[in-house]
Amino acid sequence: MTVKLSDIADAAGVSVMTVSNVMNGKRARVSETTIARVQEIADRLGYVPNIQARSLKASRSHIVAAFVPVREESSLLMSPHTVAVIGGVEQHLRHRGYHVLLRGIEHADEIAQTIRGWSLDGAILVEFTDAEIDRIGIDGVPLVALDSYSANPRTIGVRTDDHRGGWVAGARLAEAAHRHVLFAGPPYEGMGVVGQRFEGFRSACVAAGIDAGSIEVEQVLTSFEDGRELGLRLRRDHPAVTAVFATADVLAIGIMAGLVESGASVPGDVSIIGFDDFEMSAYTSPGLTTVAQDMPSKVAETARIILDEIEGREGPRVPVSFGIELVERGTVAPPRAD
């Protein structure tokens, strides 16, 4: 039997209009208690909305895209960060009656075309460079850019305090008496998130008395295999380095694996700090010391902003930044005495 809005209204003790507003995302004048009760009853009765009819009536598709750049034919979901963002956002939007379209983008110019072609209500941009986001030229559609420092007025940025994260990592290695350190991450030209982490790291190291010439850099892709390859050659190519700051946990864990495979120990020969604090970081041996970012809050804020923009509750269009915390495990120790 088809469940109607009137069935839900009768069971919840509210008007059909209230149920309709909840199901169609028009919740500004509905209490959180009523929303929860209506949603619970709708789920229990097995209500299935007529998406096509609802979209025509509301002039909205109820589809939000998650755009991810295609990098050298790699999987869109290779990065744990991307998986965490898309999975979390999908959950938030699904509970509000929206669908998430995952789409790989080879060129930033495709974004506007895809938005128009699918009549999307909004889009979330994940792991694009600032230069790519700068080129987006579509108006009238809400766009949230994750981990972006782009000044494009069409987008709202949601990010972590990356400069502070880099600073904390540099300060921790300096505190452990390391004087030859290495920064490992993707090329940071045009990618503000990596650039901010590097500048914070470099500034903290210099402030602690580390010579700027003793801060080395390896530009590598954010993957376990690229990290492993770096770990295998690290002591050969950077013999003076005693500590590494990697811009992502998956990269740091790869470096650890390569170092151990090459006969080195962590942190005996090389100390390592990662960035993210994903679950895998607690399962390495030793556990990875890392800069934790508040992913649940970042994901929830991304969903809130995109929904508020779509549903007409626009707030200040300013970037939102979340704090960081150093999580100590077992990969940082003082360098061995020569």
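Any read-out appearing in this document is the output of simple, stated calculations on the displayed coordinates, not a laboratory observation. Values in this document were obtained by computation on a predicted structure and should not be read as measured data. Positions of Cβ are backbone-derived with ideal geometry, glycine not excepted, and every protein chain shown enters the neighbour counts.
State whether region 162-293 is rounded, prolate or oblate according to the following rule on the C-alpha gyration tensor (a ≥ b ≥ c being the square roots of its eigenvalues): a/c under 1.5 gives rounded; otherwise a/b larger than b/c gives prolate, and the remaining case gives oblate.
rounded
Suppose every K and R has +1 on its Cβ and every D and E has -1 on its Cβ; what is the size of the dipole of region 5-49 about the Cα centre, in Debye to the nearest 20? Could you put the intermediate results ahead of the total?
Values: 5 positive and 5 negative charges, 41 e Å.
Roughly 200 debye for region 5-49.
State, as an integer percentage, the relative contact order of region 162-293 based on alpha-carbon contacts under 8 Å between residues 6 or more apart.
Here the relative contact order equals 25 percent.
State the Cα centre-to-centre distance between region 240-285 and region 98-168 in whole Å.
Value for the Cα centre distance between the two parts: 30 Å.
What's the ranking of 326-332, 145-151 by average number of surrounding C-beta atoms within 10 Å, highest first?
By packing density, highest mean first, the sequence is 145-151, 326-332.
For the chain, what relative contact order do you get, as a whole percent, if you take Cα pairs closer than 8 Å and at least 6 residues apart?
Working: 643 pairs, mean separation 50.4, N = 338.
Computed over the chain, the figure is 15 percent.
Which chymotrypsin sites (Phe, Trp or Tyr not before Pro) does region 246-338 hold that lie in a coil by DSSP with at most 15 other beta carbons within 10 Å?
Those that pass, being in a loop and sparsely packed, are Tyr283.
What list of ³J(HN,Hα) couplings, whole Hz, do you get for region 239-256 from phi and the Karplus terms 6.51, -1.76, 1.60, once you set θ to phi - 60° and write x for glycine and proline?
x, 7, 5, 10, 8, 10, 10, 9, 7, 7, 4, 4, 5, 4, 5, x, 4, 4
Using θ = phi - 60° and the Karplus form 6.51 cos²θ - 1.76 cosθ + 1.60, what ³J(HN,Hα) does each residue of region 304-310 get, whole Hz, x for Gly and Pro?
4, 5, 5, 6, 4, 5, 5
May I ask you to evaluate 6.51 cos²θ - 1.76 cosθ + 1.60, the Karplus curve with θ = phi - 60°, for each residue of region 123-135 and list the ³J(HN,Hα) values in order in whole Hz, giving x for glycine and proline?
So the J values, rounded to whole Hz, are 8, 10, 9, 10, 6, 8, 6, 4, 4, 5, 5, 4, 7.
Hey, got the dipole for the chain? About the Cα centre, +1 on K and R Cβ, -1 on D and E Cβ, debye to the nearest 20? Each step should come with its number before you reach the end.
Values: 32 positive and 45 negative charges, 238 e Å.
So the magnitude is around 1140 debye.
For the pair Ala131 and Glu175, how long in nm is the line joining their label points, each one 7 Å along Cα→Cβ?
About 3.7 nm separates the two model spin labels.
Take every DSSP beta bridge whose two residues both sit in the chain, then give the antiparallel share in percent to the nearest 5.
So the antiparallel bridges in the chain amount to around 10 percent.
Could you calculate the contour length gain from Leu77 to Ser15, that is, 0.36 nm times the residue separation minus the distance between their Cα atoms, to one decimal place in nm? Let's see the in-between values first.
On the way: separation 62, 0.36 × 62 = 22.32 nm, distance 4.27 nm.
Fully extending the segment from Leu77 to Ser15 adds 18.0 nm.
Just how large is the dipole of region 162-293 about the Cα centre, in debye to the nearest 20, putting +1 at every Lys and Arg Cβ and -1 at every Asp and Glu Cβ?
Charge dipole of region 162-293: 320 debye, to the nearest 20.
Could you give the radius of gyration (one decimal) and Dmax (whole number) of the Cα atoms in the chain, in Å?
Cα only, the chain: 23.3, 79 Å (Rg, Dmax).
First select every other residue whose beta carbon is under 14 angstrom from the beta carbon of Glu328; then total the charges, Lys and Arg +1, Asp and Glu -1.
Numbers: positive: Arg172, Arg329; negative: Glu175, Asp277, Glu325.
Local charge sum for Glu328: -1.
Quickly rank 243-254, 193-204, 126-137, 9-20 as a protection proxy: mean count of other C-beta atoms within 10 Å, highest first. Provide the component values of the computation, followed by the final result.
Numbers: 243-254: 27.7, 193-204: 22.3, 126-137: 19.8, 9-20: 16.2.
Top of the packing list down: 243-254, 193-204, 126-137, 9-20.
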